[in-house]
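The values are calculated or read from the model by the stated rules, or taken from the named source; none is laboratory data. Computed from a predicted model, the values in this text were never measured in an experiment. Please note: Cβ atoms are built from the backbone with ideal geometry, for glycine as well, and neighbour counts cover all protein chains shown.
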Amino acid sequence: MPTAFVTGATGFVGRHLVEVLREDGWSISAGVRDTARAAKLLGDDIKLVDIDLLKPLSLAAAVPQGADCVFHVAADVSSWSRDAERQYKTNIEGAAALLQATLDKEVRRMVHVSSIVAFGEHDTVIDDHTPRLGAESWVGYIHSKSYAERKVKEAVDRGLDAVVVNPTDIVGKYDDQNWIRMIKMVADDSLPAVPPGNGNFANGRAVAEGILAAYKHGKTGENYILGGPYATFHEFLSLAAEKLGKPAPKKPISPTMLKFYASILELISKLTGKRPSVTKEEAYFACQSYQVNFDRAINDLGYRDVPLEQSVDEAIAYLREKDDLKT
């Protein structure tokens, strides 16, 4: 029975990954911050270990000796500049400490879950070999995820067998804080405006399957984009509205207006000390425009390109399962 150590196991992708590993016959241990909460979410057949990505010694003690794979899914996904220092330490220094522990414990392989944002901004279609420019970004999440990838590549140069996957926007079951928030706002008629950008919407379960496939079939030191159907944010929210029996949302807000609004809120935040309802970073992501080619993951990993309609159905069903949908 193969053995796995998973970080971020209680998150959106992490919960899917635990299910996929369990179905594939793995023995799983998970590094978590709250073992009681994790036990409720993940069940009692998983070994839970207290870790803190801000405390390297906790990682050194948690990684099992000789495990088959460390799946590093955890990350600080904050989109507010005031969290930049913590985000840097979590995403970069935490990744570096985990990489060292993985080497020290002679783990067979690591799969590092990065993000499409590590590639930065490009006018052309992004594929696995596109230069990664995210380290140049002013956005903390993008910058930190990019440097974490660099740490992985450095560890590969030191002998670690590691693979990197770059999911795009993700939709589906177990989403508690990403696109699900906008679906809920469509449901209760509280959506203030439609973002003007676009995305490539991957399915949560398919991404987890792709992570496991990267362990089995990925090439050491390589990146694999785990993508999904392209859609504007307006098209995405219109599909959600149709599924919910709601009228289609209005036209998207202009990028200029959204960024200006976020700048004003940021100034007010400096006076109040409170988090703005829309940060400059959130406005940046809301205006993003990119397309990806993820044929390599399909061909090499057997990755599934799931229709957007199915992913939205799964997200709405999850909300109803939690009785968290006012419709």
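Specify which of the listed residues (118, 101) is crowded, with 16+ Cβ neighbours inside 10 Å and either of a type in the set (Lys, Arg) or in contact with a Leu (Cβ under 8 Å, 6 or more places away or on another chain) (or both).
Only one candidate qualifies: 101.
Which one of these is part of a helix (DSSP H, G or I), surrounded by fewer than 19 Cβ atoms within 10 Å (Cβ to Cβ), touching a strand residue (DSSP E or B) at 6+ places or on another chain (Cβ under 9 Å) and not aliphatic (A, V, I, L, M): 86, 37, 82, 22?
22
Any residue in segment 261-281 that's under 10 Å from residue 80 (Cα atoms): show its pairings with residues that are surrounded by fewer than 17 Cβ atoms within 10 Å (Cβ to Cβ) and among the β-branched types (Val, Ile, Thr) at Cβ separation under 7 Å, as long as the two are six or more apart or on different chains.
Note: pairs meeting the criteria are 276/268.
Which residue out of 103, 53, 99 is part of a helix (DSSP H, G or I), touching a residue at least 12 places away in the same chain (Cβ under 8 Å) and in contact with a strand residue (DSSP E or B) (Cβ under 8 Å, 6 or more places away or on another chain)?
That would be 99, the only listed residue that is part of a helix (DSSP H, G or I), touching a residue at least 12 places away in the same chain (Cβ under 8 Å) and in contact with a strand residue (DSSP E or B) (Cβ under 8 Å, 6 or more places away or on another chain).
Restricting the search to segment 61-88, which residues are farther than 22 Å from residue 12 by Cβ and among the basic types (Lys, Arg)?
Scanning segment 61-88 gives a single hit, 82.
Hey, any hits in segment 26-41 for a residue that's within 20 Å of residue 207 (Cβ to Cβ), in contact (Cβ under 8 Å) with a residue 40 or more places away in the chain and out of contact with any Pro (no Cβ under 8 Å at 6 or more places or on another chain)?
yes
Only one residue in 66, 31 is within 23 Å of residue 159 (Cβ to Cβ), out of contact with any His (no Cβ under 9 Å at 6 or more places or on another chain) and part of a strand (DSSP E or B). Which one?
The unique qualifying residue is 31.
Just need a number here: residues in segment 232-260 that are among the aromatic types (Phe, Trp, Tyr), under 30 Å from residue 313 (Cβ atoms) and without any contact (Cβ under 8 Å) to a residue 12 or more places away in the chain.
Number of matching residues: 0.
Give 261, 290 a once-over and let me know the one that is within 17 Å of the chain's Cα centre (by Cα) and either modelled with pLDDT of 95 or more or not aliphatic (A, V, I, L, M) (or both).
The unique qualifying residue is 290.
Every residue in segment 40-50 that is surrounded by fewer than 14 Cβ atoms within 10 Å (Cβ to Cβ), assigned to a loop (DSSP other than H, G, I, E, B) and of a type outside the set (Gly, Ala, Ser), please.
44, 45
Would you mention how many residues in segment 106-144 are under 16 Å from residue 227 (Cα atoms) and in a helix (DSSP H, G or I)?
Going through segment 106-144 one residue at a time, the tally reaches 4.
Out of 117, 125, 113, report the one residue that is touching a Lys or Arg at 6+ places or on another chain (Cβ under 9 Å) and either under 21 Å from residue 82 (Cβ atoms) or among the aliphatic types (A, V, I, L, M) (or both).
Checking each option against the conditions leaves just 117.
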